[in-house]
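Let me give you the structure first, and then I'll get to my questions.
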Amino acid sequence: MSLRRRTIPGKEVALDIRVVVGDVTRFRGDALVVNLFEGVKAPTGATGAVDADLGGLIRKLIRTGEVTGKWGEQTLLHTLGKLPVSRVLVMGLGKPGEFTLDRVRIVSAEAVKQSRKTGARQVGTIVHGAGTQTGTEGFNAAQATQALSEGAVLGLYRFRRYKREPEDAKEIQILTIVEREREKVRVMAEAVRRGRIVAEATNSARDLVNEPGNTLTPTELARRVRGLAGRAGVRCQVFGPRELRRLGARALLGVARGSQEPPRLIALEYRAGRRGGPHLGLVGKGITFDSGGISIKPAENMEAMKGDMAGAAAAVAATLAIAQLTLPIHVTTVVPATENLPSGAALKPGDILRAMSGKTIEVINTDAEGRLVLADALHYACSRKVTHLVDVATLTGACVVALGTLNSGAFTSNQALLDKVLAAGRAAGEKIWPMPMDVEYDELIKSDIAEIKNTGGRKGGAVTAAKFLQHFVGDTPWVHLDIAGTFETDKEKGYQPKGGTGVMVRTLVNLAVELLAE
Ligand code: BES
Ligand code: MN
Ligand code: ZN
C-alpha cells in the first residue's frame, strides 16, 4: 500500500509507509527493526524468529549482558547473510509496566533516525507493543500503528530549506510495517493514514515556526495558509488593513502600526457534520516577529521571536488535518497576523485602544501585544457563533517560568471543555497543565483610565494574560493554551528535532474527535 502525499507544493515527502502481511525474517531491505522488553531472557514472536535465524545471537548477547532491553538501548547487528536483510536493529523497550503509546512514537523515531544514519533506504519494522497491556495504559494494534507512523514521520523531520549541502542527504524511502496476522492489516493501513496526516500537519506547523521573520511576513503567512487550505478543501478568507478598519479590529491594527508590513486576519472554515453539532473555534497567535515594539526586548534570544506565530501554525495545521481526516465537524479558525516593531508610528505605552468588542484597553507595555491581537481574533471567532473556543499562543515568559519547557499551560472558564483538552493532550503525548483562573486576579488588570489594561505586573503574569483574554470570549466555553515554553526546543529528543515542535497540532485534532464523541 503506497500512501504518498504532498505537504508543501513541489516538495514530495520522502517517506512512504506500507503495511504488508508476512514473516519478518523474510523481509528484504537495508535494515529491520525489532524490539526487546527489559528482563526478557528468550525473546518470542518476531524478535524470537529473527534470533533463531541469527543462530541465537540475541539470546547470547542477553546472557552476556550486552543486550538488556533497557529503555533507550539500541543494538545494531550485522546479519552476515543469515537473513535477507543486512542489518537488524534491536530497540530496548524498557519495563513493560512503563511502556506507553508515547514510547512507541519515541522508539519508532529513534529507530528510523538510526537507520537513516547508516544510510538505509528501505527499512522494515514490527509494531512495537501492539496488544501490550502495560502498567499505565493498554493499547491495540491500530493505536500502536498510528503512534509508530507518527513517530517515524515526526522523527525524520528536518528543516533544510536554507542548507545547500545537507549533513546526510540520504533519506529513508520506504518504511514497511510487517504484520503476521492478515486480519489486522486493514485497520493498520487506516491507522498509518491517520498517523501520517497528523504528523505531516505537525511538520508543516514546524516549517512555519522555523521560517525566519524576513520571509514569513503576515502577507506571506496568509499566502501560505491560503495555498495549504486550497489543497485541503478548506475555505480561506484573508482580511487586510481596509477590511480590518471596517471590522473595527483596532487592537490588531494598533499592534501593526509600528511595522512596514501590513497586518492580516486569516479565517479558515471547514464545514462538515450535522447541523446542531459542535462548531469548534480555533484561534492562533500570529506575531511573525515580536521585538517588543517600543517596550523593546533585550537582544539576547530575540531571534526566537520569529516563532511567535507558533499558535497560528498549530491552529491552521490542525484545521487542515481535521479536513484531510474528513471528520464530521464544523471548524472556524482565526489567525491575527502582524509584526510587533518599534517606529515613529508605533503604538506607545499609555495609548488607549478600543477593541473590536468595544472594550477600551490601556496599553501599559507594547510587548504584551499577543493579548491585544487575540482580543480582536477571539471576539471575531465568537461573532461567527462557535460553540467551543480554544486559542493557542506563545503568550507569556511567565508561563515558561511557571512550567518550564515540558508542559503547556491551560486556562479556562469551562471545566468540561478543559477536561476534553487535557484528554486530547494525553492521547497526543503533549503535556498540558491546568492553571488557576480565580476572579481575584481580575483586580490586577483593572485600569484607572480605560476598562482594562494589558499587563498586570510580573506576579502571576501567565494568569493575568489569560484573564485579559477572558474579557473577549463572552460566555463561550473557552480554553487558552500558553505554549511559550513548548513551541520550540534547543535539544533534539525522540520525535522532536531542534527548533519548532509543532506542539498542539495533534492535541487539537484529538479534541475535534473528543467533541464528536459527546
Ligand atoms: N511572545 C512573548 C512571550 C514569549 C516569551 C514567548 C518567551 C515565547 C518565549 C510575548 O509577546 C511577551 O513579550 N510577553 C511579555 C508580557 C509582559 C510584557 C507582560 C512577557 O512575557 O514578558
Ligand atoms: Mn511580546
Ligand atoms: Zn509575543
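When residues of region 460-493 are filtered for being open to solvent by 40 Å² or more (accessible area, probe 1.4 Å), within 14 Å of ligand 1 (Cβ to nearest atom) and either in contact (Cβ under 8 Å) with a residue 12 or more places away in the chain or not in a loop (DSSP other than H, G, I, E, B) (or both), how many remain? Step through it out loud before you land on a result.
Filtering region 460-493 down to residues open to solvent by 40 Å² or more (accessible area, probe 1.4 Å) leaves 470-471, 474-475, 488, 490-493.
Adding the requirement that they be within 14 Å of ligand 1 (Cβ to nearest atom) leaves 488, 490.
In the following step, the residues that additionally are either in contact (Cβ under 8 Å) with a residue 12 or more places away in the chain or not in a loop (DSSP other than H, G, I, E, B) (or both) were identified as 488.
The number of residues fulfilling the criteria is 1.
Among the residues of region 420-450, how many are touching an Asp or Glu at 6+ places or on another chain (Cβ under 7 Å), open to solvent by 20 Å² or more (accessible area, probe 1.4 Å) and more than 19 Å from residue 361 (Cβ to Cβ)?
Of the residues in region 420-450, 3 are touching an Asp or Glu at 6+ places or on another chain (Cβ under 7 Å), open to solvent by 20 Å² or more (accessible area, probe 1.4 Å) and more than 19 Å from residue 361 (Cβ to Cβ).
While we're on this one: Which numbered condition trips up residue 453, out of (1) open to solvent by less than 50 Å² (accessible area, probe 1.4 Å); (2) within 16 Å of ligand 2 (Cβ to nearest atom); (3) not hydroxyl-bearing (Ser, Thr, Tyr)?
(1)
Go through 196, 180, 161 for me and flag whichever is free of Cβ contacts under 8 Å to residues at least 60 places away in the same chain and not aromatic (Phe, Trp, Tyr).
On the way: 196 fails: free of Cβ contacts under 8 Å to residues at least 60 places away in the same chain; 180 fails: free of Cβ contacts under 8 Å to residues at least 60 places away in the same chain.
Being free of Cβ contacts under 8 Å to residues at least 60 places away in the same chain and not aromatic (Phe, Trp, Tyr) holds for just one of 196, 180, 161, which is 161.
Could you check region 497-516 and list, in sequence order, the residues that are open to solvent by 50 Å² or more (accessible area, probe 1.4 Å) and touching a helix residue (DSSP H, G or I) at 6+ places or on another chain (Cβ under 9 Å)?
Passing the criteria: 513, 514.
While we're here: Within region 86-115, which residues are open to solvent by less than 20 Å² (accessible area, probe 1.4 Å), more than 15 Å from residue 47 (Cβ to Cβ) and either without any contact (Cβ under 8 Å) to a residue 60 or more places away in the chain or hydroxyl-bearing (Ser, Thr, Tyr) (or both)?
Those that are open to solvent by less than 20 Å² (accessible area, probe 1.4 Å), more than 15 Å from residue 47 (Cβ to Cβ) and either without any contact (Cβ under 8 Å) to a residue 60 or more places away in the chain or hydroxyl-bearing (Ser, Thr, Tyr) (or both): 104, 108, 115.
Also: Among (1) open to solvent by less than 10 Å² (accessible area, probe 1.4 Å); (2) of a type in the set (Gly, Ala, Ser); (3) under 30 Å from residue 365 (Cβ atoms), which single condition is residue 199 missing?
Answer for residue 199: the failing condition is (3).
Could I ask something else about it? For region 357-383, which residues satisfy the criterion of being in contact with a helix residue (DSSP H, G or I) (Cβ under 9 Å, 6 or more places away or on another chain) and near ligand 1 (Cβ under 10 Å from one of its atoms)?
The answer is 366, 368, 369, 370, 371, 372, 373.
Still on this structure, please answer the following. Give me the strands (runs of 3 or more DSSP E) completely within region 15-81, filtered to those with at least 2 residues that are open to solvent by 50 Å² or more (accessible area, probe 1.4 Å), ordered by residue number. Write out each step before concluding.
Details: elements: 16-21, 31-37, 74-78.
The strands (runs of 3 or more DSSP E) meeting that bar are 16-21, 74-78.
Next question. Has region 231-239 got any residue that is assigned to a helix (DSSP H, G or I), open to solvent by less than 50 Å² (accessible area, probe 1.4 Å) and closer than 20 Å to residue 345 by Cβ? I'd like the intermediate steps shown before the answer.
Pass one, region 231-239, residues assigned to a helix (DSSP H, G or I): 231-232.
Then drop every residue that is not open to solvent by less than 50 Å² (accessible area, probe 1.4 Å), which leaves 232.
Narrowing further to those that are closer than 20 Å to residue 345 by Cβ: none.
Looking for residues that are assigned to a helix (DSSP H, G or I), open to solvent by less than 50 Å² (accessible area, probe 1.4 Å) and closer than 20 Å to residue 345 by Cβ, one finds none in region 231-239, hence no.
Can you tell which of 295, 357, 291 is over 22 Å from residue 204 (Cα atoms), away from ligand 3 (no atom under 16 Å from the Cβ), hydroxyl-bearing (Ser, Thr, Tyr) and at pLDDT 95 or above?
Numbers: 295 fails: away from ligand 3 (no atom under 16 Å from the Cβ); 291 fails: away from ligand 3 (no atom under 16 Å from the Cβ).
Just one listed residue meets the conditions, 357.
Could you list, in sequence order, all residues of region 116-127 that are in a loop (DSSP other than H, G, I, E, B) and open to solvent by less than 40 Å² (accessible area, probe 1.4 Å)?
Within region 116-127, the subset in a loop (DSSP other than H, G, I, E, B) is 118-121, 126-127.
Listed by number, the residues that qualify are 119, 120, 126, 127.
The values are calculated or read from the model by the stated rules, or taken from the named source; none is laboratory data. The structure presented is a predicted model; accordingly, all values stated were derived computationally and were not measured. Counting neighbours? That spans all protein chains shown, and the Cβs are built from the backbone with ideal geometry, glycine included. Side chains are part of the model used for accessible areas, which takes the heavy atoms of the whole protein and leaves out ligands, DNA and RNA. Shrake-Rupley method; radii C 1.70, N 1.55, O 1.52, S 1.80 Å.
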